[in-house]
Structures are given as structure tokens and as C-alpha cells.
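Participant: To start, I am sharing the structure in question, which I have written as C-alpha cells.
The values are calculated or read from the model by the stated rules, or taken from the named source; none is laboratory data. Model, not experiment: these values are computed from the prediction. Reconstructed Cβ throughout: ideal geometry from the backbone, glycine too, with neighbour counts over all protein chains shown.
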Amino acid sequence: MDGLGIRQSVGRTGICYDNAMAESFFAALKNERVHRTEYPTREHARNYIAHYIEMHCNSRRLHSGLGYKTPREAHIEYLNELQAA
């Protein structure tokens with residue numbers, strides 16, 4: 001992992017600080033969609049939630065952890081930096 005610039009998580013079980021962004025995302029997803037919608041089938045739920053993530057969360061919703069950019073904007077910026085290097 002040292003050669004890749006990755007640091008292993010050192011959090012204890014039950015401590016959410018290492019994945020606070022993921023915890024925040026899933027909490028918002030549950031509040032905004034999962035608990036407010038009745039899904040006729042599990043497949044319908046999967047498709048609807050995937051569509052919501054791609055069309056709303058990744059392209060419209062600003063994230064403070066990304067400098068108030070959308071995940072799509074942050075990803076494009078990252079790819080542009082890779083090409084410039």
C-alpha cells in the first residue's frame with residue numbers, strides 16, 4: 001500500500017469517522033428516497049435508486065467534501081488533471 005499512496009483505515013469497529021462521507025450519503029439516500037417511496041419489487045427499487053444516484057446525486061447535488069462540486073464535476077476535474085500530468 002505504501003507504493004500506491006494509500007493509507008489503511010485504523011478505525012475501530014463501530015466507529016464511523018473513517019467512512020463519514022459514505023454514512024452521510026446513505027443517510028441522505030434513505031431519507032430522500034428509500035423511506036419515502038413504496039417499491040413494488042426489489043428490482044424496481046434497485047433500478048429506481050440507481051437512476052436517482054446517477055441522475056440526481058452525481059450530476060446535480062453539491063457535496064461539501066468535494067469543494068461544493070457534484071461528484072461528476074469532481075471526477076471530470078480529476079481526469080483532466082491526470083491528462084495534464
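Participant: Could you go through the range 57-72 and let me know if any residue there is in a helix (DSSP H, G or I) and farther than 22 Å from ALA20 by Cα.
Facilitator: No; the residues of the range 57-72 include none that is in a helix (DSSP H, G or I) and farther than 22 Å from ALA20 by Cα.
Participant: Cβ-Cβ distance below 9 Å, separation of 6 or more or different chains: which pairs start in the range 46-57 with a residue that is at pLDDT 90 or above and end on one that is part of a helix (DSSP H, G or I) and surrounded by 11 or more Cβ atoms within 10 Å (Cβ to Cβ)?
Facilitator: Filtered contacts from the range 46-57: ILE49/LEU29; ILE49/VAL34.
Participant: Still on this structure: Looking only at the range 34-43, how many residues end up being in a helix (DSSP H, G or I) and either in contact (Cβ under 8 Å) with a residue 40 or more places away in the chain or surrounded by 14 or more Cβ atoms within 10 Å (Cβ to Cβ) (or both)?
Facilitator: 1
To keep it simple, each residue is scored yes or no on (1) under 25 Å from ARG7 (Cβ atoms); (2) surrounded by 12 or more Cβ atoms within 10 Å (Cβ to Cβ); (3) not hydrophobic (A, V, I, L, M, F, W, C).
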position	(1), (2), (3)
ASN19	yes, yes, yes
GLU32	no, yes, yes
ALA45	no, yes, no
ILE49	no, yes, no
PRO71	yes, yes, yes
GLU77	yes, yes, yes
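Participant: Counting just the residues of the range 10-33 that are modelled with pLDDT of 85 or more and in a helix (DSSP H, G or I), which one comes out nearest to HIS63 (Cα to Cα)?
Facilitator: For the range 10-33, the residue satisfying everything is ALA28.
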